[in-house]
Amino acid sequence: MALVESEMIPLGSPAPDFSLPDPSGEVHSLQDAAEAKAVVVAFICNHCPYVIHIADAFAKVTGELIDQGVAVFAINSNDWTTHPDDSPERMAEESEQRGYRFPYLIDEDQSVARAYSAACTPDLYVFDGSRRLVYRGQFDATRPSGDEPANGGDLKAAVEAVMLGEAVPEPQQPSAGCSIKWRPAT
């Protein structure tokens with residue numbers, strides 16, 4: 001498995017809008033979060049060992065954030081024709097199994113991943129109430145090869161700062177994981 005890091009786009013970038021279906025066909029958009037003081041957008045999938053490593057902690061941490069009024073969206077942009085574990089059917093199973101409380105969305109044409117410059121899974125972004133990027137990077141410093149369980153420390157610190165109206169801690173470390181599985185150009 002080749003390790004890929006997130007691209008670390010410039011802080012202050014506006015959140016690209018999206019309107020995507022979940023596996024049941026219900027469409028969700030960034031506009032659904034109009035009242036949220038913070039928005040987390042995460043590019044994840046089902047099969048990547050880096051996502052599997054954080055998945056249970058990600059479910060727990062994002063559940064706590066949702067309870068605080070944070071909007072959370074997870075997006076799967078992988079080509080499921082080459083990676084069937086990332087199919088919409090498997091996404092629905094994963095969401096139920098992990099207890100995800102956020103919409104887990106299908107970016108079939110991969111346009112949203114491209115708009116966000118997403119490069120890997122997981123790839124995380126936090127936007128403030130004005131939908132300006134304040135954090136991009138890792139969930140925490142743990143990795144699948146280590147002995148420590150995932151805890152979401154970096155993501156929690158970023159969102160906490162936004163909720164308190166403070167600057168997000170620096171330096172921000174890029175996320176690391178599997179590359180997004182891009183569809184062949186047509």
| Among the residues of the stretch 132-143, is there at least one that is exposed (fewer than 14 other Cβ atoms within 10 Å of the Cβ) and not in a loop (DSSP other than H, G, I, E, B)? | yes
| When you go through (1) touching a Phe, Trp or Tyr at 6+ places or on another chain (Cβ under 8 Å); (2) farther than 11 Å from ILE54 by Cβ; (3) small (Gly, Ala, Ser) one by one for GLY177, which number turns out not to apply? | (2)
| task | With the condition kept exactly as written, say whether any residue in the stretch 111-121 is surrounded by fewer than 23 Cβ atoms within 10 Å (Cβ to Cβ), out of contact with any helix residue (DSSP H, G or I) (no Cβ under 7 Å at 6 or more places or on another chain) and within 21 Å of ALA34 (Cβ to Cβ). | result | yes
| note | Residue hits (the stretch 1-33; assigned to a strand (DSSP E or B) and at pLDDT 95 or above) are PRO14, SER19, LEU20, PRO21, VAL27, HIS28, SER29
| said: Checking the conditions here, which among ARG131, ARG90, ARG98, ARG114 is closer than 18 Å to PHE18 by Cα and without any contact (Cβ under 8 Å) to a residue 60 or more places away in the chain? | reply: ARG114
| Residues of the stretch 34-57 being part of a loop (DSSP other than H, G, I, E, B) and either surrounded by fewer than 20 Cβ atoms within 10 Å (Cβ to Cβ) or out of contact with any helix residue (DSSP H, G or I) (no Cβ under 8 Å at 6 or more places or on another chain) (or both), which ones? | ALA34, GLU35, ALA36, LYS37, HIS47, CYS48
| task | Mind listing whichever residues of the stretch 83-131 are aromatic (Phe, Trp, Tyr) and not in a strand (DSSP E or B)? | result | TYR100, PHE102, TYR116
| query | Which one of these does GLU64 not meet: (1) part of a helix (DSSP H, G or I); (2) out of contact with any Lys or Arg (no Cβ under 9 Å at 6 or more places or on another chain); (3) closer than 26 Å to SER130 by Cβ? | reply | (2)
| query | Is there a residue being in contact with a helix residue (DSSP H, G or I) (Cβ under 7 Å, 6 or more places away or on another chain) and closer than 19 Å to ASN46 by Cβ anywhere in the stretch 157-173? | reply | no
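The values are calculated or read from the model by the stated rules, or taken from the named source; none is laboratory data. Treat the numbers as computed from the prediction; the structure is a model and nothing was measured. Neighbour counts are summed over all protein chains in view; Cβ atoms, including those assigned to glycine, are modelled from backbone coordinates with ideal geometry.
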